[in-house]
Amino acid sequence: MFLITWLLVFYDTKHADIFPDPQHYRQWSIVRQYLLDHDVDGLEAHLAQRGTTPYKYGLSLVSHINSNDAQWFFEELALATNDPEFVFGRAWIHWKKGNIPLAERDALFVLEQRPRPIVAARCNYLLGFVWTETNQYDKALEAFERAFTGYAALNKPASMLRTLKGFAYATINLGDLDAAESYLERALDLANQLNPHPNLGYFFELKTRISFAKGDYVESLRYSRLCYEEYAKINDLESMVSARINIGFFNVLNGNLREGIENALEADRHIKIHNFVRASRTNNAVWMLIYRCRNQDYQTLERDLKEWIAHQNDEMLESLRRFVTECECPDF
């Protein structure tokens, strides 16, 4: 996949909203040194002063630094403490990187350790997604049910909300769009009861998928834009990139090829910086769709790429040219 290079090479004020704050790198340097020194107590104290925990900080690394460092962070803590929460953190990172078998292995291992109820609920929540991805829908829905019950017993309404969205995700994949809509309505009702009001990025992401399944590409594009706006409110970089990919994809399906290419290019920039593996696979599909829409007209597409990224690095232009002109395009 794409290399974790060019960290801030292409930074400019136009794209400042989606590029990482250099402060995150300075903080990561400090945290990393605590782990290298095997000073877990010092690490916990350092993060506590900043109002967070090692677990929460590890998850934030995915967006603010990259998934490889997040995985290393959780692996080091798991080895140092034997705490199942950190093994679960590693499972979540495996999921984010697309390593589904490893995510399943770690989550099941944690459940075997009879962890604290909150960790058990998180594991079942993750397994719901893992088993949806592997088409084990009955197991997925059962896992989401255990997660929902666990979060309800702990009075965690925000987590219950996320789990309702998990149910919707599974039923969309199962093809039961009516059930998915019902779960999303329950999720929205719960969201409206919470203060502060939760971010609705994933809600709009799922609405995008439902509209797509119904063949309504105009609504899909509208929801994709709303999704991006929601994730931008909380500066969720990886989700912003995924939303931008969808915006590009549905622009192409709606005949707006120029906007589709522009969004695909922007997504590529940020995928390279953060090593968003899952997003890179999705964005490749957008390029293949663009390729197909051009009816294999290599010269025209190459000309457009030159026009729209003339201000970019030559290496990036060459990479995109190779991809578009050499890839095999599947049927869509």
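Worth pointing out:
- Gyration tensor verdict on region 28-93 (Cα atoms; rounded if a/c is under 1.5, prolate if a/b is larger than b/c, oblate otherwise): rounded
- Legend: distances between Cα atoms for Lys139/Lys233; Lys96/Lys207; Lys165/Lys214; pairs beyond 24 Å are Lys139/Lys233.
- Classified by the C-alpha gyration tensor, region 44-165 has a prolate form. Its axis ratio a/c, with a ≥ b ≥ c, is 1.5 or above, and a/b is larger than b/c.
- Nitroxide proxy distance, nm - points 7 Å out along Cα→Cβ at Leu154 and Asp41: 2.7
- Annotation for Gln23 and Leu174: the two label points, set 7 Å from Cα along the Cα-Cβ direction, are 4.4 nm apart.
- Note, ³J(HN,Hα) from phi for region 89-97, Karplus 6.51, -1.76, 1.60, rounded to Hz, x at Gly and Pro: x, 5, 4, 5, 5, 4, 4, 5, 8
- Förster-model FRET efficiency, 25 Å R0, Gln49 and Ile118, C-beta, rounded to 0.05: 0.60
- Three-way shape call for region 65-136 based on the alpha-carbon gyration tensor, with the a/c threshold at 1.5: oblate
Rule-based calculations on the coordinates, nothing more; no lab input. Keep in mind the model is a prediction, meaning the values are calculated, not measured. When we count neighbours, we look across all protein chains shown, and the Cβ atoms used for this are built from the backbone with ideal geometry, even at glycine.
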